[in-house]
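Single-structure report; data block below.
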Amino acid sequence: MTPELLTTLLITGGGLIALAVFFTFVPVGLWISSFAAGVHVSIFTLIGMRLRRVIPSKIVNPLIKAVKAGIELNTNQLESHFLAGGNVDRVVNALIAAHRANIELSFERAAAIDLAGRNVLEAVQMSVNPKVIETPFIAGVAMDGIEVKAKARITVRANIDRLVGGAGEETIIARVGEGVVSTIGSQNNHKHVLENPDMISRTVLTKGLDSGTAFEILSIDIADIDIGKNIGAVLQTDQAEADKKIAQAKAEERRAMAIAREQEMKSSVEEMRAKVVGAEAEVPLAMAEALRNGKLGVMDYVNYLNVQADTEMRKAIGAPVDSESDNE
């Protein structure tokens, strides 16, 4: 191989490598696409995106869509949103949808909503096509003690101005639940609620439950209503059971006091009997002293013994007869 041929091959190979590196680093195809679409993005701008670690296709393709839809945007706006961590394609799609639906939405507002973590495209779509939120069964108790369960369907529309900082669907469901419970609880009879379920939706809808939220409530409809437990009867039963236990406790207390009093009386009786026995034990001593002193004669003593024997006999005659001993 001659030196001239070797040099030619080296130059050709180096040129091919240089062109490959150039076309890899500089998105010429993307520049051609933007030029054909009437979007003026210079080669140097695309190179700058590479240097700033921005993917050019993430900027140029949404920019082409926006320009074709008649929305004025520039690469600086899209690049800043991309570098902030936003979804450029979703923001541009939301702007196009809002433009088609005649909804006023600026790029700054859409970018702020996207950076706040909300789906701005879904919000715009919800503004055009309202969303229906179905609540679980909400239980309320009327004044007559009957539990009424109601399920509501809430039709909401996204409020673009309140998407940043506005409360979500959970708040809407909680507020509607609170309104349903208070409306049912204010009725004297549960039958009135069953006859007029639309009364619940009308009452709840007038309370302005969507204030401070990211939605606008269009309607509240009662999808289903049912009867639950008789809470009043349950509470009365529980109260009666509690009163019964209290009365039983008080009766047991009185019984214990009566038993204690009975034991005290038995102790008193035994004490008095002991005193009687002690007094009777002094009788023979007194009689012996009277005999020695001549104050009691022998006949008086004999009469006393006869009276005592007669008394013992009368007691024996008046005592009950044991049936078992009689049978024997």
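The values are calculated or read from the model by the stated rules, or taken from the named source; none is laboratory data. Since the model is a prediction, treat every value here as computed from it, not as a measurement. Note that each Cβ is placed from the backbone with ideal geometry, even for glycine, and that neighbours are counted across all protein chains shown. For accessibility, only protein heavy atoms count, side chains too; no ligands or nucleic acids. Shrake-Rupley method; radii C 1.70, N 1.55, O 1.52, S 1.80 Å.
Once Rg/Rh (Cα atoms, Kirkwood Rh) is calculated for the structure shown, the corresponding label among (1) 1.68; (2) 1.01; (3) 0.98 turns out to be (1). Accessible area ranking (1.4 Å probe, heavy atoms, ligands and nucleic acids excluded), largest first, for Met126, Met143: Met143, Met126.
For Thr12, the solvent-accessible surface computed with a 1.4 Å probe is close to 70 Å², ligands and nucleic acids excluded. Under the convention that each Lys and Arg Cβ holds +1 and each Asp and Glu Cβ holds -1, the size of the dipole of the chain around its Cα centre is about 2300 debye. Going by alpha carbons, how many degrees (0 to 90, nearest 10) lie between the helix axis of 298-318 and the longest principal axis of the chain? Taking the Cα atoms of the chain, the angle to 298-318 is about 50 degrees.
Relative protection proxy for 284-293, 168-177, from highest mean packing down: 168-177, 284-293 (other beta-carbon atoms within 10 angstrom). Accessible surface of Asp238, taken over heavy atoms with a 1.4 Å probe and every protein chain present, rounds to 90 Å².
Ranked by solvent-accessible area (1.4 Å probe, protein heavy atoms only, all chains present), the residues Leu194, Leu296, Leu51 order from largest to smallest as Leu51, Leu194, Leu296.
If I fit a long axis through the Cα atoms of helix 169-185 and take the longest principal axis of the Cα atoms of the chain, what angle between them do I get, 0 to 90°, rounded to 10? Here the helix axis deviates by roughly 40 degrees.
Spatial offset of segment 234-294 relative to segment 66-103 amounts to 99 Å, using the alpha carbon center of each. The figure for Lys131 is an accessible area of roughly 70 square angstrom, using a 1.4 Å probe on the protein chains alone. The accessible-area ordering, largest first, of the residues Val193, Val128 stands as Val128, Val193, per a 1.4 angstrom probe. The charge dipole of segment 16-125, taken about its Cα centre with unit charges on the Cβ atoms of Lys, Arg (+1), Asp and Glu (-1) only, comes to about 220 debye.
Peptides 87-96, 41-50, ordered by how many other C-beta atoms sit within 10 Å of their residues on average, highest first, read 87-96, 41-50.
Measure off, as a whole percent, the carbon and sulfur share of the 1.4 Å-probe accessible area of segment 129-231, all protein chains present. Heavy-atom surface of segment 129-231 belonging to carbon and sulfur, 1.4 Å probe: 49 percent. Taken per residue, the accessible surface of segment 129-231 reaches 49 Å², heavy atoms only and a 1.4 Å probe. Over segment 16-125, the pair-distance histogram of Cα-Cα distances with 5 Å bins from zero comes to 2, 12, 23, 20, 18, 11, 7, 3, 2, 1, 0 percent, rounded to whole numbers. What the Cβ-Cβ distance of Leu305 and Thr237 gives, at R0 = 51 Å and to the nearest 0.05, is a FRET efficiency of 0.10. In the context of the full set of protein chains, residues of segment 50-112 present 55 Å² of accessible surface per residue (probe radius 1.4 Å, heavy atoms only).
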